[in-house]
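*Asks:* I have a structure here, written as structure tokens, and I will follow up with some questions on it.
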Amino acid sequence: MERSSFPHFGKVIFAIIWDFFYLPIWWYSFGFLDLARRFWCFLKEREASLGFLVWLQNIFVPMYGQNDFAGRLISFVIRLFQVIFRGGFLLFLVLLIVLGLIFYLLLPLLIWLAIWHQLS
């Protein structure tokens, strides 16, 4: 085989080597930032769908225009439960997102440890 029959062979090898060395740089910089941005957008969408901030802002506003003491008390208790449960769910999602980001950062290390374990 002559070298002229594969004119792009050197470019392909260079691209493979470049991608091999560039992957960790991308993984811990642009890849991580993109994943964090997507998680942040997901969290904002879940907050909007739950309406947590709306419930929190209106916690002392009486429901259905009931301005008497009983109406205000019932409205406060109902909204307090809503804020607690919706906030707990959002806190759970934040915990899952943080664990997901930590797993993302540790994944290459875990893969290398698995490969090392299999080779040794």
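*Asks:* Test residue 85 against the criterion of being of a type in the set (Phe, Trp, Tyr), modelled with pLDDT of 95 or more and farther than 21 Å from residue 107 by Cβ, and give yes or no. Write out each step before concluding.
*Replies:* Details: of a type in the set (Phe, Trp, Tyr): yes; modelled with pLDDT of 95 or more: yes; farther than 21 Å from residue 107 by Cβ: yes.
Judged against the criteria, residue 85 is a match.
*Asks:* What about residue 70, is it surrounded by 11 or more Cβ atoms within 10 Å (Cβ to Cβ) and either under 17 Å from the mean Cα position of the chain (by Cα) or of a type in the set (Gly, Ala, Ser) (or both)?
*Replies:* Numbers: surrounded by 11 or more Cβ atoms within 10 Å (Cβ to Cβ): no; either under 17 Å from the mean Cα position of the chain (by Cα) or of a type in the set (Gly, Ala, Ser) (or both): yes.
In short, no.
*Asks:* Name every residue in region 82-120 that is surrounded by 10 or more Cβ atoms within 10 Å (Cβ to Cβ) and more than 30 Å from residue 47 (Cβ to Cβ), in order of residue number.
*Replies:* Scanning region 82-120 gives 108, 110, 111, 112, 113, 114, 115.
*Asks:* Name the single residue that is nearest to residue 79 (Cα to Cα) among those in region 41-56 being surrounded by fewer than 12 Cβ atoms within 10 Å (Cβ to Cβ) and not hydroxyl-bearing (Ser, Thr, Tyr).
*Replies:* 48
*Asks:* When residues of region 36-78 are filtered for being within 19 Å of residue 92 (Cβ to Cβ) and not acidic (Asp, Glu), how many remain?
*Replies:* Step one: of region 36-78, the residues within 19 Å of residue 92 (Cβ to Cβ) are 36, 38-53, 55-56.
So of that shortlist, the ones also not acidic (Asp, Glu) come out as 36, 38-44, 46, 48-53, 55-56.
Qualifying residue count, region 36-78: 17.
*Asks:* Answer with yes or no whether residue 90 is within 28 Å of residue 101 (Cβ to Cβ) and part of a helix (DSSP H, G or I). Before you say what the answer is, go through the steps one by one.
*Replies:* Details: within 28 Å of residue 101 (Cβ to Cβ): yes; part of a helix (DSSP H, G or I): yes.
Yes, satisfied.
*Asks:* Just checking, does region 29-51 include any residue being over 30 Å from residue 107 (Cα atoms) and not aliphatic (A, V, I, L, M)?
*Replies:* Just the residues of region 29-51 that are over 30 Å from residue 107 (Cα atoms), to begin with: 48-51.
Now restrict to residues that are not aliphatic (A, V, I, L, M): 49, 51.
Yes, the conditions are met somewhere in region 29-51.
*Asks:* Can you name the residue in region 42-87 that is outside any helix (DSSP H, G or I) and out of contact with any Ser or Thr (no Cβ under 6 Å at 6 or more places or on another chain) and, of all such residues, is farthest from residue 101 (Cα to Cα)?
*Replies:* Taking region 42-87 and keeping what is outside any helix (DSSP H, G or I), we get 51, 58-62, 66-68.
Right, trim to out of contact with any Ser or Thr (no Cβ under 6 Å at 6 or more places or on another chain) and you get 51, 58-61, 66-68.
Details: 51: 25, 58: 33, 59: 33, 60: 36, 61: 38, 66: 46, 67: 47, 68: 48 Å.
Only one residue fits best here, namely 68.
The values are calculated or read from the model by the stated rules, or taken from the named source; none is laboratory data. Predicted model only: the values in this text are computed from it and were never measured. Don't worry about glycine lacking a Cβ; one is built from the backbone with ideal geometry, like all the others, and counts go over all protein chains shown.
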